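The values are calculated or read from the model by the stated rules, or taken from the named source; none is laboratory data. Note that this is a predicted model, so its numbers are computed, not measured. Neighbour counts are summed over all protein chains in view; Cβ atoms, including those assigned to glycine, are modelled from backbone coordinates with ideal geometry. These area figures cover heavy atoms from the full protein model, side chains too; ligands, DNA and RNA do not enter into them. Shrake-Rupley method; radii C 1.70, N 1.55, O 1.52, S 1.80 Å.
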Amino acid sequence: MTSKILRYLLITVIIFLALSGLFGSISLIVDSSGSNLQLSIYLLESTIFNNYLLPGIILLLFLGLFPCFVAYGLITKKRIKVANRLNIYKKRYWAWTFSLYCGIILILWIDIQVMLLGGGYPLQTIYALLGVLIIILTLTPYVTRFYKKKK
């Protein structure tokens, strides 16, 4: 029972990440000034970006579409050759490894955001903790065992 709860919680958190990544990225792409999300263009003054279009595209790919793909894999356990090649833990299903990647990418996204834009925003803390939660849930013995490849 605990195994199912932890696995479903991981999938739910990954889906939440995907949905919030899709929402945020589409908002930034549609309005690259950032005003849809109440972001000031002046936040970008000390960065290489003139507007939020490129950050929106990066967000879409890595924290929107990628977690959708991972959630699909966690739910279906389908074997995908390209994903298997990028799986550094060969004894686990690719989606298990990719869920670790999701947590790491999210933490890196927040770290880079803090370096470029500054910190102190509550959502940065929430999403950094969400990244840590994804990693912890992925590494729990129950979830790790469930996504172990059978020989």
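Here is a yes/no grid of residues against (1) aromatic (Phe, Trp, Tyr); (2) in contact with a Leu (Cβ under 9 Å, 6 or more places away or on another chain); (3) under 25 Å from Gly24 (Cα atoms):
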{"position": "Tyr89", "(1), (2), (3)": "yes, yes, no"}
{"position": "Leu106", "(1), (2), (3)": "no, yes, yes"}
{"position": "Trp109", "(1), (2), (3)": "yes, yes, yes"}
{"position": "Ile112", "(1), (2), (3)": "no, no, yes"}
{"position": "Leu116", "(1), (2), (3)": "no, yes, yes"}
{"position": "Pro122", "(1), (2), (3)": "no, no, yes"}
{"position": "Tyr127", "(1), (2), (3)": "yes, yes, yes"}
{"position": "Lys148", "(1), (2), (3)": "no, no, no"}
{"position": "Lys151", "(1), (2), (3)": "no, no, no"}
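Within the range 121-142, can you find the residues that are open to solvent by less than 80 Å² (accessible area, probe 1.4 Å), of a type outside the set (A, V, I, L, M) and either part of a loop (DSSP other than H, G, I, E, B) or farther than 21 Å from Ile58 by Cα (or both)? Reasoning before the result, please.
We begin by selecting, within the range 121-142, every residue open to solvent by less than 80 Å² (accessible area, probe 1.4 Å); these are 124, 127-128, 130-135, 137-138, 140.
Among the residues that remain, those that are also of a type outside the set (A, V, I, L, M) are: 124, 127, 131, 138, 140.
Across the range 121-142, the qualifying residues are Thr138, Thr140.
It is to be established whether one or more residues within the range 54-74 are open to solvent by 20 Å² or more (accessible area, probe 1.4 Å), of a type outside the set (Val, Ile, Thr), at pLDDT 95 or above and over 30 Å from Ser40 (Cα atoms). Yes, the range 54-74 contains a residue that is open to solvent by 20 Å² or more (accessible area, probe 1.4 Å), of a type outside the set (Val, Ile, Thr), at pLDDT 95 or above and over 30 Å from Ser40 (Cα atoms).
Restricting the range 86-112 to residues that are open to solvent by 50 Å² or more (accessible area, probe 1.4 Å) and in a helix (DSSP H, G or I), the residue that is nearest to Phe49 (Cα to Cα) is Ile112.
In the range 1-20, what residues are among the hydroxyl-bearing types (Ser, Thr, Tyr) and surrounded by 12 or more Cβ atoms within 10 Å (Cβ to Cβ)? Selection gives Ser3, Tyr8, Thr12, Ser20.
Only one entry in Ile41, Ile48 is farther than 21 Å from Thr140 by Cα and open to solvent by 90 Å² or more (accessible area, probe 1.4 Å), namely Ile48.
In the range 21-38, how many are within 14 Å of the chain's Cα centre (by Cα) and either exposed (fewer than 15 other Cβ atoms within 10 Å of the Cβ) or farther than 19 Å from Ile126 by Cα (or both)? Reasoning before the result, please.
Looking only at the range 21-38, we keep the residues that are within 14 Å of the chain's Cα centre (by Cα), and these are 21-25.
Then keep just the ones that are either exposed (fewer than 15 other Cβ atoms within 10 Å of the Cβ) or farther than 19 Å from Ile126 by Cα (or both); that gives 23.
Qualifying residue count for the region: 1.
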